[in-house]
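Notes follow the structure.
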Amino acid sequence: MTTVGFLYPGHSAEDDYPRIEMLLASDVRLQVVHTDIGEDAHRVDALLEMGAGERLAAGVEELRLAGAEAVVWACTSGSFVYGWDGAHEQTRALARAAGLPASSTSFAFAHAVRALGAERVAVAATYPDDVTEYFGVFLKSAGIEVVADRASGIITAAEVGTWGREQVLELARAGDHPDAEVVLLPDTALHTAGYLPELEEVLGKPVLTANQVTVWEGLRLAERTVREPKLGTLFASRPSPA
């Protein structure tokens with residue numbers, strides 16, 4: 001049994017994790033602990049507070065007791081707003097607090113793009129413009145070219161969590177670009193686990209979504225490779241990067 005721990009802010013699309021666990025159909029357990037979200041707002045000051053070290057550290061004991069072998073901060077915006085160096089410090093502090101290998105969804109995207117052998121991406125974001133720009137800067141720091149980005153202007157995770165299949169597909173279509181090798185949907189508040197094969201079929205290219213890459217990153221840290229085509233190209237055949 002491999003147990004991976006996730007610190008998830010508030011309550012929006014956390015049911016993606018048990019769905020993914022079922023799809024993996026393996027001896028993998030995905031343990032989710034909810035962190036205090038503070039103010040639910042895709043606004044830089046609120047996101048910096050959401051990702052503060054003390055908020056993340058508060059959940060690590062429960063993950064340790066659950067037998068987690070690695071921990072991932074399951075929040076994209078609450079990590080990339082710190083910038084490349086700040087996000088590294090955030091995960092280092094989390095690793096120290098947990099006594100486990102640690103990462104975040106932002107780094108999961110960077111690692112997953114590399115694992116697919118891609119260099120050019122399009123970003124289809126639920127966020128406002130300024131927050132979306134922070135993600136683009138983060139990706140560029142990882143050596144990834146952002147050929148297009150689309151911001152939807154949604155302020156709260158609660159609203160994003162209500163989006164269904166049609167809205168997710170429309171977001172991906174609107175955010176795609178002919179030069180993009182991969183399309184990224186970066187919000188962990190967005191339900192996507194049930195739509196991955198359809199998203200890739202509609203766009204004709206790999207699609208990376210926040211909760212998908214977060215689980216993949218946790219398994220990578222735990223040195224566990226699990227293949228499941230229903231979770232998209234990332235899980236279909238590519239091994240995790242070293």
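Just so you know, all these numbers are worked out from the coordinates, no wet-lab data involved. Since we're looking at a predicted model, the values are computed, not measured. In this analysis, Cβ positions are derived from the backbone assuming ideal geometry, glycine residues included, and neighbour counts consider all displayed protein chains.
Residues whose amide H comes within less than 5 Å of that of residue 35, counting only those at least five positions distant or on another chain, are 8, 10 (H built at 1.01 Å from N in the peptide plane).
Scan (1) 0.92; (2) 0.99; (3) 1.03 for the value of Rg/Rh (Cα atoms, Kirkwood Rh) calculated from this model and give just the label. Given (1) 0.92; (2) 0.99; (3) 1.03, the structure-derived one carries the label (1). Near residue 79: Cβ cut-off under 14 Å, other residues only, Lys/Arg at +1 and Asp/Glu at -1. The net charge is -3. In the chain, helical runs assigned H by DSSP with n ≥ 4 each contribute -39500 (n - 2.57); averaged across all residues and rounded to the nearest 500, the mean residue ellipticity at 222 nm is -12500 deg cm²/dmol. Residues considered: 217, 39, 69. Largest GNM mean-square fluctuation over the chain, using C-alpha springs under 10 Å, is found at 39. The phi-based Karplus calculation (6.51 cos²θ - 1.76 cosθ + 1.60; θ = phi - 60°) puts the 3J(HN,Hα) values of the range 223-229 at 6, 10, 9, 10, 9, 7, x Hz, whole numbers, x for Gly and Pro. So, counting K/R as plus one and D/E as minus one, what does the shell of residues with Cβ under 11 Å around residue 127 add up to? Result for the neighbourhood of residue 127: -3.
Positive contributions from Lys and Arg (+1) and negative ones from Asp and Glu (-1), summed over other residues with Cβ under 9 Å from the Cβ of residue 151, come out at -3.
Separation of the range 211-230 and the range 119-164, taken as the distance between their Cα centroids, equals 22 angstrom. Summing Cβ point charges (Lys, Arg +1; Asp, Glu -1) relative to the Cα centre of the chain gives a dipole of roughly 740 debye.
Rounded to the nearest whole Hz, the Karplus-based 3J(HN,Hα) values (6.51 cos²θ - 1.76 cosθ + 1.60, θ = phi - 60°) of the range 82-98 follow the sequence 7, x, 4, 5, x, 5, 5, 5, 4, 6, 5, 5, 5, 4, 5, 5, 8, with x at glycine and proline.
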